[in-house]
1. Among (1) more than 30 Å from A:Gly95 (Cα to Cα); (2) part of a loop (DSSP other than H, G, I, E, B); (3) in contact (Cβ under 8 Å) with a residue 12 or more places away in the chain, which single condition is B:Gln195 missing?
2. Of the conditions (1) more than 13 Å from the chain's Cα centre (by Cα); (2) closer than 29 Å to B:Lys188 by Cβ; (3) not hydroxyl-bearing (Ser, Thr, Tyr), B:Ile4 fails just one. Which one is it?
3. Any residue that is in contact with a Pro (Cβ under 7 Å, 6 or more places away or on another chain) and assigned by TED's automatic domain parsing to the domain that holds B:His159 - is there at least one of those in segment B:13-31?
4. How many residues does segment A:108-151 hold that are facing chain B (nearest Cβ under 7 Å) and not in a loop (DSSP other than H, G, I, E, B)?
5. On the basis of being of a type in the set (Val, Ile, Thr) and closer than 19 Å to A:Ala67 by Cα, does B:Ile31 make the cut?
6. Look through A:Ser264, A:Ser170 and report the one residue that is out of contact with any Asp or Glu (no Cβ under 8 Å at 6 or more places or on another chain), touching a residue at least 24 places away in the same chain (Cβ under 8 Å) and buried (at least 24 other Cβ atoms within 10 Å of the Cβ).
7. Which one of these does C:Leu235 not meet: (1) modelled with pLDDT under 90; (2) touching a strand residue (DSSP E or B) at 6+ places or on another chain (Cβ under 9 Å); (3) farther than 28 Å from C:Leu136 by Cβ?
Amino acid sequence: MSAVAAKPAAGGAMNPTAMAVGVVLLLVILGICWRVSPGLGLMALIGMVVGGVLIGFGVHFVPVGGAPAAMGQAPGIATGVAMLAAGAGLAGLFGGAWAADQGLVVAVLTGAVGGGLMMAITCMMVNFIYVFGMGIPAASGKVLNDPITGDSQKEFKSQGTEGHGLPFVSFVGGVIGGILAGGGGTLIYLMILDVYKATLPTMMKATEAQIMPIAISAAGIFAIGIFLVNAVLTAYNITGTIEGPHDPKFKRWPRAIVASAVASALCGLAAILIVVM
Amino acid sequence: MESIVFGIGITALTGALATVAGAAEDTESNIGSQGDPNSQVQLAPQMGFLHRIFNKAVAGEPPAYGLWCALGAGLAWAFMAMQINAVLAIVLGCILAVFVQGVYATTAYLGRTASLKKFGQPVYVDILKSMTTVTMAHAFVAIFCTVTLCYLMNAALGHPFPLPLLGLLWGIALGAAGSAVGNPYYGKERQYQNQKFGAGVPISASGNIVRYAEAGERNSLDNGFFTAKLGGPASGVCFGLIVFLELWRTILFEKIGAGWGAIIVGVLMILVFTIIDRYIEVWARKTYGPYAEPVKEASS
Amino acid sequence: MTVKIEVIAGGIPHTKIMVAGIIASLVCLYLSYLNVVTNTEMFSFFGGLAVIVALIWGSNTIKVLCSYGIGTGVPSAGMIAFGSGVIAMLLATKFGVAAPIVALVLAAVVGLILGYLSNEVLNMKIPTMVQSLTELAVVGAFTLMGFAVLMTGGFTFAALTTGSVTILGLSLPSFQSTFIGGSLIAAAFMLGALAVQHPFNACLGPGWTQDRMLMLAAECGFLSMIVAAIMSFALVTAGSALISLVIALVGWAYTYMQYIEFSKRDAASWLDAKPIPDVEGQ
């Protein structure tokens, strides 16, 4: 029993032509936006690209172990990477959307802190369960010593497993991932909201206060959609599981930056075209 | 001042609701065997270990709970738009969402088990009949608490997002938190109870889950009381802390420093949890000790 | 260790399902335009039928994509489908009566680019990736448009954002009581995202049969239609919502019963309160 077509072993290799095509696509999309809506639209689109890249990059930090982690066979959190990142990012978006009136910087940082806080609590409780519920200390399978604390890992790894729990570097990775994902998601939301707040009143012939529900709701669902697309692309990049920033798979991040940038630009352009066409 | 006191009161209530929701969510997903541990339930018959566990393969917990809570919230919103009283609307919405959840659970079990025909895994109709209502009950508690806390955030605390969007958001967060904390406890401790305590499951033992247990053949209902001992409450505390602290720092410190107060408090909280986590990690290394002698040669 | 997936030959070829899916969805969506022609909302149920057709098609696409072992789970395919689909669908609603066709084109463009990014930039190199992601984006867009039609009666931007609220017998215009304003689109998003990946995810295994999976796809569609019809009571007239609800309930009961029949047919054995059988060599 095996999968139909064997994938080429070069899973981690970069493809320079494709990366170049990606960059060209990005510039084309930015160009289209510049023609259609030079001021507000282009600024918002650039903001959305930055937000998408933050999400794509940040999700690489989150330690995800998948099904083996649920059995104590691999380090990381035992959930799917796209949805764990979505959970943290959306918790951040919740806080960021609430702080939207207080200016862009404050709102994005609030969203980032919200995402980081959720990951900090979750990672802490994961270690809590491993240590006090299952009697298993944390150990990494990919490095001999924890890069941050210097703790040796090999002798704390139980026999027949690849490691378990969340070593400190994975914890820190999780928090950083939550911060970047929460901040990125909030940034995308705020950019779309600004564009809609400025353009919907004329388009729908109503006051700003009246169209606010539409603007907030549409911006929210767009942000969630772009967030999920970026998270799934990152999941494809790391092929499902990663131990954290110390994992060799982490070095694949440049590919994800290009992919996230293009995907976010494309979706962002569609969001802007709704109101400027 | 009054509005802050009101805000704190609502925050405390949402924190409590979130804790209950987290505990119920983890119990429900363990009784139904959902998420990453379910891969073992799927694998066991392929290795020759037939079982009577409910194989509820409905995506993972975050998207599934995202759906139930968004659906419950959407239905509640629709009922409220029809001028039905808010409490009744939330209850009705959650009942309908739980109905959808139950149907998804049954189709998942039937589908996965029927596809394991090659290995002789039977479809146990009695498992279907007894397990489904229990998971639906726990799911109702989780969904109801989550939709209620979303409603409080929207109506009492004034969050701009409408109810269904909040339901989607907190449903995914609930599933992520409950799944992260509860899955290893169910997967390692309960499914592989016959393995040595205090160590991960060796790869050679994959698929050899516990099928004959305390009183005869184990079924998923036996996992409910086990989860309620530690995994459930831990997931509840995790989600409760997330919701409570997020709201608490916003309500109290938002006005200080034009929003920067809440950010600084949030960063401080992250540092506190980092210190707690480091303490847990070091405690485990000192108290449990290594499995083998430390590697003697100089490491990289 | 994860479940190993096999591609099983036989069954209706995917191209046939894809073509049938596109045509049937477009037909159903356009049939709902009778609402505008007759100035009622009674034909909203065609939106629900479009959803079911799109889900049947989408479930087979996910089966084709995930048979190659993409490394992540099946649910993420559903998420990327709807993440890209919602964006294409919302932009397409601006184009008035041409909205469904524009949704098809826009979603295909988005899905094509996402597929190219996944296969080339992210180096996944899966043979059907580009086509599958393109199809999934279109499925997502059609499903969401179908839900929009079912809940509001139309597929134009105006239909999704203008509504009215009745206070003390007076009907006032309101942007909050709408598909987008009240964020029912979030509920529709998750309904579709789970319904598209559930049929393949639930029927996963060596004994996968296509007719059982497609019947499950229809059942998920009708189930989603039930709750969507209940939600539509808030936005369309009670009569039209009732029509959708009755059609959904009848359809769901039939497909659910059929699915159980197929499962009974395919299972190794169908036992009630019996012990675990002894397997030789254990």
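The values are calculated or read from the model by the stated rules, or taken from the named source; none is laboratory data. What you see is a predicted model; the values in this text were computed from it and never measured. All Cβ positions, even for glycine, are placed from backbone atoms using ideal geometry, and neighbour counts span all protein chains on display.
1. Tallying (1) more than 30 Å from A:Gly95 (Cα to Cα); (2) part of a loop (DSSP other than H, G, I, E, B); (3) in contact (Cβ under 8 Å) with a residue 12 or more places away in the chain, B:Gln195 fails exactly one: (3).
2. So the condition that B:Ile4 fails would be (2).
3. Restricting attention to segment B:13-31, the residues satisfying the condition of being in contact with a Pro (Cβ under 7 Å, 6 or more places away or on another chain) are B:23.
In the following step, the residues that additionally are assigned by TED's automatic domain parsing to the domain that holds B:His159 were identified as B:23.
Checking segment B:13-31: at least one residue is in contact with a Pro (Cβ under 7 Å, 6 or more places away or on another chain) and assigned by TED's automatic domain parsing to the domain that holds B:His159.
4. Residues in segment A:108-151 being facing chain B (nearest Cβ under 7 Å) and not in a loop (DSSP other than H, G, I, E, B): 21 in total.
5. yes
6. Answer to the selection: A:Ser264.
7. It fails just one condition, (3).
One line per residue, one yes/no per condition, for (1) free of Cβ contacts under 8 Å to residues at least 60 places away in the same chain; (2) among the β-branched types (Val, Ile, Thr):
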| residue | (1), (2) |
| --- | --- |
| C:Thr209 | no, yes |
| C:Ser224 | no, no |
| C:Ser232 | no, no |
| C:Leu235 | no, no |
| C:Ile247 | no, yes |
| C:Gln258 | yes, no |
| C:Arg265 | yes, no |
| C:Lys274 | yes, no |
